[in-house]
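Shown next, in structure tokens, is the structure this report addresses.
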Amino acid sequence: MSKEIKELQKRWNSMMESVHSNPHVVAFMNSRVGRYLDDHPFVALSLLIFMAASAIPIAFFLLFVAVTAVTACVGVILMEGLLISLGGVTLFCVLGGLGMLSLAVSGVLSVCYMSLTTLLNYWPVPNLSKKEITNGSAFLPSSPPDLDQDAANKKSE
């Protein structure tokens, strides 16, 4: 045998010695299942191959679970952020509409005020004496209006 193969065999024996001297392995090999697998090497090899082959699908499943959980969390966070953003935009639109409405109403009221004050400035006001203002007679009509048309006709005849 070549020197390299002897070195490889030496490493293998050293590794097997460390595995067989492990207390967990010793406890398993002393158990009922360990003795059965020691007596039936084909079953032990089949079990080893099944465990090795099933590690990849189990790893993919665990990866799928982790990705799904992360996606669900991110989705919830994104959905919550989307709803909060949508609510904020809605609030902004409502407040903007109320602002425009208040500007329009105040503009209309200002125009009405300016128009009425301008009209009242041009309204003819009779010259009143202080006596008439104090007396209040300037605000009363000079003759009471005739409410009954028949009575007015009889007076004129």
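At-a-glance table
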read-out	value
Length gained when the stretch residue 46-residue 85 is fully extended (0.36 nm per residue, less Cα-Cα span)	8.3 nm
Probe 1.4 Å - accessible area at residue 94, Å² to nearest ten	80 Å²
Per-residue HN-Hα couplings for the stretch 60-66 [Karplus 6.51, -1.76, 1.60; θ = phi - 60°; Hz; x = Gly/Pro]	4, 5, 5, 5, 4, 4, 5
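The values are calculated or read from the model by the stated rules, or taken from the named source; none is laboratory data. Quick caveat: nothing in here was measured; it's all calculated off a predicted structure. The accessibility values were calculated without ligands, DNA or RNA, using every heavy atom of the protein model including side chains. Shrake-Rupley method; radii C 1.70, N 1.55, O 1.52, S 1.80 Å.
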